[in-house]
Amino acid sequence: MIRAFIVILIAAAAAIAAIWAGTLPGGVTLNLGSGTSIDLNFAATGVALAVFGGLAALAWWLLGSVVLLPSRFGKSREEARTRKANQALADGLLAAEAGDATAALKLAKKAAKHAEDERLKLLLEARAAEAGDDWSGAERAWGQLTRLPGGRLAGLRGAATAAIERGDAASAESRAREALELKTGADWPFNSLFDLQVSRGEWVAALDTLGIGEKRGLISGDSLRRRQAVLLTASAASMGADQRQTAQRTLAEAIRAAPGFPPAAWHGARHLMVDGKVKAAEGVLELAWKTRPHPALAQLARRLDPDASPAVIARRLTTLAAANPLHRESRILKAEIAIDAKDWIGGVKALALLVEEKPTARLCLLMERALKGYGDKPEADRWARMATTASREADWSDIDPRGGAFDYDAKDWSRLVYAFGDVGDLIHARHESFGRELEAGRTIALPAPVEDTEGVSSVSTKVAGAIGPPLDYASDDD
């Protein structure tokens, strides 16, 4: 619309100028030779000049078109080639992402004929090889890409992935290390190297890589500390008896990183118990219980000192429960303390509330024990039958009836790095494999008793007297 208005405006101005020129006196005489001349007024002269200029411009344009025709033809061919290359690359990448290896390879060959950027050709070639599960070919293409400007980081990532798919962890680690040395904000080199080391159980190396990630701001906060705690505990658990002092220091560091990591507290307190440092072991267990109670910690607290009297054990367990009184495990522990003290009514009352919330096999067996002590054998038998079909507790399954707890292998520790490190959850390997559980209400077996000089065991067994069955479970004032 604006262009049409401008054209009309120019035409109107030219017409006005022509009319005005026609009113002017005088004119222009053109001498054609041989005594011939032409007289033109100013208006006719202007029209003649305009026509001549237009013809000259047309002639110049035609001449320029003829001269530039070869270069324009070449440029047109180049543009067509570029369009074909771009289309082949786009279609090839889409085919590779869709998993159509045949089409991707075909388009990769087509792109190789037309594309000028070697990086794009190698990218498509690598993707096409990956789509066809040709990981050796993909690694080769990615490796070539690393040598081109701007393609090093992407090439290293692709090569590392391809090496992992081939099962060559050493090559994948080498690529990840090379990428980690580059100045980049990408987090995949750190994650790849860390994951490889964790999967192979290289706990110390993984800790070093975790430190690099912390310095670069790739990991921080609770995830960093929890991962450190798992790696330190796994490292300490793998140490032999000749490295016990090193293991103790490592576990102390793990507890400082994440006091609420039960395996670290359990192993740390156990090492202190072996060294006879009962008070220090109690402190470790109380700190862990305050943050995250776990039945394995209570079991260990019972046997820190084989010579401890029932009163000392009860005091120790009461202190433990008081560190986190509202937690479910603390409430169960209070019920166990009552049962140990033969306060059968108190034990039944405490367990009754817990059973209403979640009737697990562990609680059913504890209720059976309390009712047997109370003297109601039929009701105790009923709870024993309920225990056979009640659900199991994952935390309780972490305790091995033979005397250990958190007995993880390298694969379990690797899983725990992410389960606890990233989310704060524990894994339960024995629960998943339906491992045999410690009977609820029992204590993990202590080492064999030491015989004294008279040949009498230093551990005595007290037999409780018979208890007559009362009429009900409630106290008189209820």
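The values are calculated or read from the model by the stated rules, or taken from the named source; none is laboratory data. Just so we're clear, the structure is a prediction, and the values are computed from it rather than from any experiment. As a convention, Cβ positions derive from the backbone with ideal geometry for all residues, glycine included, and neighbour counts pool all protein chains shown.
Summary table
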| read-out | value |
| --- | --- |
| Test for Leu371: is it assigned to a helix (DSSP H, G or I), in contact with a Leu (Cβ under 6 Å, 6 or more places away or on another chain) and either farther than 27 Å from Arg436 by Cβ or not small (Gly, Ala, Ser) (or both) | no |
| Total residues in region 117-147, condition surrounded by fewer than 24 Cβ atoms within 10 Å (Cβ to Cβ) and aromatic (Phe, Trp, Tyr) | 1 |
| Boolean, Ala162 is aliphatic (A, V, I, L, M) and in a helix (DSSP H, G or I) | yes |
| Residue list for region 372-393, filter: within 20 Å of Asp340 (Cα to Cα) and free of Cβ contacts under 8 Å to residues at least 60 places away in the same chain | Lys372, Glu379, Ala380, Asp381, Trp383, Ala384 |
| Flag for Ala296 being touching a strand residue (DSSP E or B) at 6+ places or on another chain (Cβ under 6 Å) and either more than 30 Å from Arg249 (Cβ to Cβ) or surrounded by 17 or more Cβ atoms within 10 Å (Cβ to Cβ) (or both) | yes |
| Every pair of residues 6+ apart whose Cβ atoms lie under 9 Å, when the first sits in region 337-357 and is on the phi > 0 side of the Ramachandran plot and in contact (Cβ under 8 Å) with a residue 24 or more places away in the chain while the second is part of a helix (DSSP H, G or I) and of a type outside the set (S, T, N, Q) | Lys342/Gly373 |
| Matching residues in region 238-263 - criterion: being in contact with a Phe, Trp or Tyr (Cβ under 9 Å, 6 or more places away or on another chain) and either of a type in the set (Phe, Trp, Tyr) or modelled with pLDDT of 95 or more (or both) | Ala254, Ile255, Ala258, Phe261, Pro262, Pro263 |
| Test: Gly150 is crowded, with 16+ Cβ neighbours inside 10 Å, not basic (Lys, Arg) and not in a helix (DSSP H, G or I) | no |
| Count - residues of region 296-310 that are assigned to a helix (DSSP H, G or I) and either in contact with a Leu (Cβ under 8 Å, 6 or more places away or on another chain) or at pLDDT below 95 (or both) | 7 |
| Selection count, region 177-206, where residues are under 17 Å from Gly151 (Cβ atoms) and touching a Phe, Trp or Tyr at 6+ places or on another chain (Cβ under 9 Å) | 1 |
